[in-house]
Amino acid sequence: MGSRILSTGRAVPRTCVSNRDLEMRLDTSHEWICSRTGITQRYVLRSGESLVEIAAEASRQALQRAGLRAKDLDAIVAGTVSSEYAFPSFACQLQRALGASLIPALDVAAACAGFVYALAMADGMMRSGDWKRVLVVGADALSTMVNWRDRSTAVLFGDGAGAVVMVSEPGPKGVLKSVLRSAGELWELLSVRATGPRCAFDDEAVRDAEDAIRMRGPELFKIAVKSVEEVTREVASGAGVDLSEISLIVPHQANLRIINAVMERLGLDSSKVFTNIDRYGNTSAASVPIALDEAIEANRIHDNDIVLLNACGGGLTWGANIIRW
Ligand code: ACO
């Protein structure tokens with residue numbers, strides 16, 4: 001028995017911040033941000049807004065499209081590093097917001113690879129038999145963890161949530177294989193302390209350098225390209241799929257140059273990748289499910305297509321899922 005994605009949903013906060021808006025508060029330019037990252041705008045949480053509510057909106061959309069109610073779910077798995085509480089978990093807060101039954105609800109913390117990890121975990125549990133209908137969410141709000149005076153990180157991140165409803169199903173469709181990797185020894189390339197205060201875009205307080213996201217961007221860039229290329233090849237060959245058979249890659253949207261470099265190294269045409277980083281920035285664990293939802297909406301995914309999801313993030317963590325749609 002395998003697992004299949006039955007439906008998807010997405011939601012973002014209502015505040016959209018353009019590169020031009022950032023020019024007003026930072027020593028940066030639209031041209032720099034656009035040419036180095038591909039980002040033109042991002043959505044950010046304002047002070048007092050809740051990421052759980054955004055995730056609930058994405059989840060309700062996915063549930064409605066699946067023709068299911070929250071009470072029909074057997075489990076909730078949330079890929080996130082943005083819970084406002086050490087406990088309850090983000091998934092438990094989401095369970096309450098949705099009014100789901102007394103089901104297991106748990107978080108998977110893998111930063112930007114959070115959704116790819118969460119999907120693999122849900123698929124594994126569904127194969128082992130107990131879970132039949134699972135809500136898998138990717139949600140993050142890294143804009144509340146940057147120092148808004150640090151131009152090297154403040155321009156990169158946006159907030160949001162994507163959700164999928166997975167159902168267990170016999171037959172050739174669904175998740176064919178997942179490969180997950182991590183390298184804890186590289187943790188210092190990208191990190192943020194768990195204890196720092198939230199500082200939203202519109203807050204007067206600024207997260208100080210010690211507590212804010214710290215990133216060694218150029219080193220991370222090189223490792224991201226190499227590791228995502230490798231894991232993409234590995235998951236495809238593990239599933240017995242030739243790279244040429246892949247219909248669409250839906251990657252984590254951290255940097256358009258990373259995405260393009262990976263596609264080039266894989267020898268795949270840019271028409272085989274879905275990107276939306278221009279409008280969202282790096283939404284961490286939310287980026288893959290938001291992009292997946294948009295790809296479906298744009299009619300880029302069809303019955304029986306081979307779709308590949310990949311991501312790399314803080315930890316370091318990286319991974320890929322390959323799916324027959
Ligand atoms: N505006 C203008 N100039 C800037 C800005 C900015 N916002 N930020 C940095 N600069 C300057 C730097 O100060 C530097 O100036 P200098 O040459 O005078 O010293 C110059 O631009 C080049 O800086 P670099 O950091 O070398 O720029 P780079 O081309 O590497 O781009 C970036 C930086 C976009 C961060 C890139 O390295 C990157 O995308 N790295 C990978 C990010 C990633 O993959 N993250 C993983 C997922 S995220 C997660 O898990 C949460």
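The values are calculated or read from the model by the stated rules, or taken from the named source; none is laboratory data. Please read all numbers here as calculations on a predicted model, not as lab measurements. When we count neighbours, we look across all protein chains shown, and the Cβ atoms used for this are built from the backbone with ideal geometry, even at glycine.
Among the residues of the stretch 235-260, write down those that are surrounded by fewer than 16 Cβ atoms within 10 Å (Cβ to Cβ) and away from the ligand (no atom under 16 Å from the Cβ).
Correct list: Ser237, Gly238, Gly240, Asp242, Ser244, Glu245, Ser247.
Return the total of residues in the stretch 29-53 being hydroxyl-bearing (Ser, Thr, Tyr), away from the ligand (no atom under 13 Å from the Cβ) and surrounded by fewer than 16 Cβ atoms within 10 Å (Cβ to Cβ).
Count: 2.
Of the numbered conditions (1) surrounded by 15 or more Cβ atoms within 10 Å (Cβ to Cβ); (2) within 16 Å of the ligand (Cβ to nearest atom); (3) closer than 27 Å to Ile296 by Cβ, Leu26 satisfies every one except a single condition; which is it?
The number of the failed condition is (3).
Please find, within the stretch 127-143, the residue that is surrounded by the fewest Cβ atoms within 10 Å (Cβ to Cβ) out of those that are of a type outside the set (D, E, K, R) and under 17 Å from Ala11 (Cα atoms).
Out of the qualifying residues, it is Leu142.
Which one is farthest from the ligand (Cβ to nearest atom), of the residues in the stretch 104-126 that are over 11 Å from Val77 (Cα atoms) and buried (at least 24 other Cβ atoms within 10 Å of the Cβ)?
For the stretch 104-126, the residue satisfying everything is Met126.
Output the residue which, of all residues in the stretch 282-325 that are aliphatic (A, V, I, L, M) and in contact with a His (Cβ under 6 Å, 6 or more places away or on another chain), is nearest to the ligand (Cβ to nearest atom).
Ala311
If Ser191 satisfies all but one of (1) surrounded by fewer than 17 Cβ atoms within 10 Å (Cβ to Cβ); (2) more than 14 Å from the ligand (Cβ to nearest atom); (3) among the polar types (S, T, N, Q); (4) within 21 Å of the chain's Cα centre (by Cα), what's the number of the condition it fails?
All conditions are met except number (2).
Answer yes or no as to whether Ser168 is at pLDDT 95 or above, away from the ligand (no atom under 16 Å from the Cβ) and more than 20 Å from the chain's Cα centre (by Cα).
Taking the combined requirement at face value, the residue satisfies it.
Specify which of the listed residues (Val225, Val231) is crowded, with 17+ Cβ neighbours inside 10 Å, touching a residue at least 60 places away in the same chain (Cβ under 8 Å), farther than 22 Å from Arg151 by Cα and within 16 Å of the ligand (Cβ to nearest atom).
Val231
Those residues that are assigned to a helix (DSSP H, G or I), basic (Lys, Arg) and in contact (Cβ under 8 Å) with a residue 24 or more places away in the chain, I need them from the stretch 1-52; list them, please.
Arg25, Arg36
Please verify whether Arg279 is at pLDDT 95 or above, more than 27 Å from Pro172 (Cα to Cα) and away from the ligand (no atom under 16 Å from the Cβ), treating the condition exactly as stated.
Taking the combined requirement at face value, the residue satisfies it.
Looking for something touching a Phe, Trp or Tyr at 6+ places or on another chain (Cβ under 6 Å), more than 16 Å from the ligand (Cβ to nearest atom) and in contact (Cβ under 8 Å) with a residue 40 or more places away in the chain - is there at least one such residue anywhere in the stretch 80-89? Don't jump to the end; show me each part of the working.
Restricting attention to the stretch 80-89, the residues satisfying the condition of being touching a Phe, Trp or Tyr at 6+ places or on another chain (Cβ under 6 Å) are 80, 83.
Adding the requirement that they be more than 16 Å from the ligand (Cβ to nearest atom) leaves none.
No; the residues of the stretch 80-89 include none that is touching a Phe, Trp or Tyr at 6+ places or on another chain (Cβ under 6 Å), more than 16 Å from the ligand (Cβ to nearest atom) and in contact (Cβ under 8 Å) with a residue 40 or more places away in the chain.
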